[in-house]
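Notes to accompany the following structure.
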Amino acid sequence: EASLRFTLPGSGTEGPAKQENFILGSCGTDQVKGVLTLQGDALSQADVNLKMPRNNQLLHFAFREDKQWKLQQIQDARNHVSQAIYLLTSRDESYQFKTGAEVLKLMDAVMLQLTRARNRLTTPATLTLPEIAASGLTRMFAPALPSDLLVNVYINLNKLCLTVYQLHALQPNSTKNFRPAGGAVLHSPGAMFEWGSQRLEVSHVHKVECVIPWLNDALVYFTVSLQLCQQLKDKISVFSSYWSYRPF
């Protein structure tokens, strides 16, 4: 069931994955509004409006038409689910398991893949600000993003999240103690970094998100699958201990 949620363009005769539009929102701000179009594991379109806090100027930017942005987290999660299914189906139907230990070993391997699949969705990558600045995502937009904006997109649990960072340059004679920020899923205002020959500071952070229902389903199925594997392991362990301690 979990694997069926990760539809893939061009796999078999299913044709391309359907496009789904998601409206981005946040309960705390209307500074950023937009629509992201998801097609399988790729963002095929993005349309974002940003209201600049200083002067209320409205900026609009969208993906160039020839561009798509792969969401590596979805791709990796799907690959782990496929690997779990392969482990379960790679034996002949008439295959007989010889020992409980053999089943336990298989369950451990399947559970490892399911846990990795779930972790890819629940644990977004921690990136430094220079890594976000160097990301190809910043070059996906038309018109090009202004030099004082950074954008990041990631999956967190069942949500697709878009973060916009507004930056300002620190003057060379600034008395601020310059300390580059480390990696984070979400950076805070005041985070500093060096890019090219400039020292920059985050002045505003805008985060908007939307729930993706089929990711929610997949996470539920991962949990149920892991519970079923564990139940089978527990049953075999009960029998193993019974045979181990049987008086002869």
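How many residues are more than 30 Å from Leu219 (Cβ to Cβ) and not polar (S, T, N, Q) when one looks only at region 63-96?
Restricting attention to region 63-96, the residues satisfying the condition of being more than 30 Å from Leu219 (Cβ to Cβ) are 64-66, 92-96.
Cutting the leftovers down to not polar (S, T, N, Q) gives us 64-66, 92-93, 95.
Selection size over region 63-96: 6.
Hey, could you check region 116-143 for residues that are in contact (Cβ under 8 Å) with a residue 60 or more places away in the chain and out of contact with any Phe, Trp or Tyr (no Cβ under 8 Å at 6 or more places or on another chain) and say which is surrounded by the fewest Cβ atoms within 10 Å (Cβ to Cβ)?
Our first condition is that a residue be in contact (Cβ under 8 Å) with a residue 60 or more places away in the chain; within region 116-143, this holds for 117-118, 121-122, 124-125, 128-130, 133, 136-137, 140-143.
Okay, now just the ones that are also out of contact with any Phe, Trp or Tyr (no Cβ under 8 Å at 6 or more places or on another chain), so 121-122.
Details: Leu121: 22, Thr122: 15.
Step by step, filter region 116-143, then rank; the result is Thr122.
Restricting to region 59-101, what's the tally of residues that are open to solvent by less than 40 Å² (accessible area, probe 1.4 Å) and farther than 21 Å from Gln230 by Cβ?
9
Just to be sure, is Pro189 farther than 23 Å from Val151 by Cα and exposed (fewer than 14 other Cβ atoms within 10 Å of the Cβ)? Lay out the reasoning, then the answer.
Working: farther than 23 Å from Val151 by Cα: no; exposed (fewer than 14 other Cβ atoms within 10 Å of the Cβ): yes.
Considered against the rule, which asks whether it is farther than 23 Å from Val151 by Cα and exposed (fewer than 14 other Cβ atoms within 10 Å of the Cβ), Pro189 comes out as no.
Cβ-Cβ under 8 Å, sequence separation 6+ or interchain: first residue in region 188-207 and at positive phi, partner open to solvent by less than 20 Å² (accessible area, probe 1.4 Å) and part of a strand (DSSP E or B). Which pairs?
Note: pairs meeting the criteria are Gly190/Glu201; Gly190/Val202.
The values are calculated or read from the model by the stated rules, or taken from the named source; none is laboratory data. For clarity, every value in this text was computed on a predicted model and none was experimentally measured. Counting neighbours? That spans all protein chains shown, and the Cβs are built from the backbone with ideal geometry, glycine included. What goes into the accessible areas is simple: the full protein's heavy atoms, side chains included, and nothing from ligands, DNA or RNA. Shrake-Rupley method; radii C 1.70, N 1.55, O 1.52, S 1.80 Å.
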